[in-house]
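As structure tokens, the structure follows; a few thoughts come after it.
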């Protein structure tokens, strides 16, 4: 199980370096979907299955909307793909940066204390499922605030990317 967790984390770091290094919307969003799936797989291995499925559904739903808007507004007839030398140099640079940080910030200096939801022995109530009641009870204001923030961010990005042409948000 430890090897599988480490495999998921190494793949997650590699995919996130791919997201950061790719300037194209098409391939960057595809890498981001793979990264979200790997992160949710890590959460499932730690025992947080409910949080994992909620994050996957919400995050991939938001990614679908943002990807559709960005593809509709992108004016790249030939986007830069993984075979381009610029993307490869960026990807290699990010991986070297991650390796440097792993060497500099040693495991002795940073103790993360990663433990799963089921690591406390036999229990009738899972730690993971108590988040549902807290989400509906105490998290309503935070969810509404984040929802309005995301909507505002979507409109800001649409206004910034449309440029000088008159888009769908024009004043009539």
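Where a number appears in this text, it was derived from the coordinates with a stated rule and is not lab data. None of these values were measured; they are calculated from a predicted model. Here Cβ is always computed from backbone atoms with ideal geometry, including for glycine, and neighbour counts include all displayed protein chains.
Starting with the highest mean, order 91-104, 14-27 by the number of other Cβ atoms within 10 Å, averaged over the residues of each peptide.
The peptides rank, most packed first, as 14-27, 91-104.
Cα convex hull of the stretch 2-109: mean projected area in nm², to one decimal?
Orientation-averaged projected area of the Cα hull: 8.1 nm².
Provide 7, 145 in ascending order of the number of other Cβ atoms located within 10 Å of each residue's Cβ, fewest first.
145, 7
Residue separation times 0.36 nm, minus the C-alpha to C-alpha distance between residue 151 and residue 82: what's the value?
21.7 nm
Averaging sequence separations of C-alpha pairs under 8 Å and six or more residues apart, then dividing by the length of the stretch 2-109, give the relative contact order as a whole percent.
For the stretch 2-109, the relative contact order is 34 percent.
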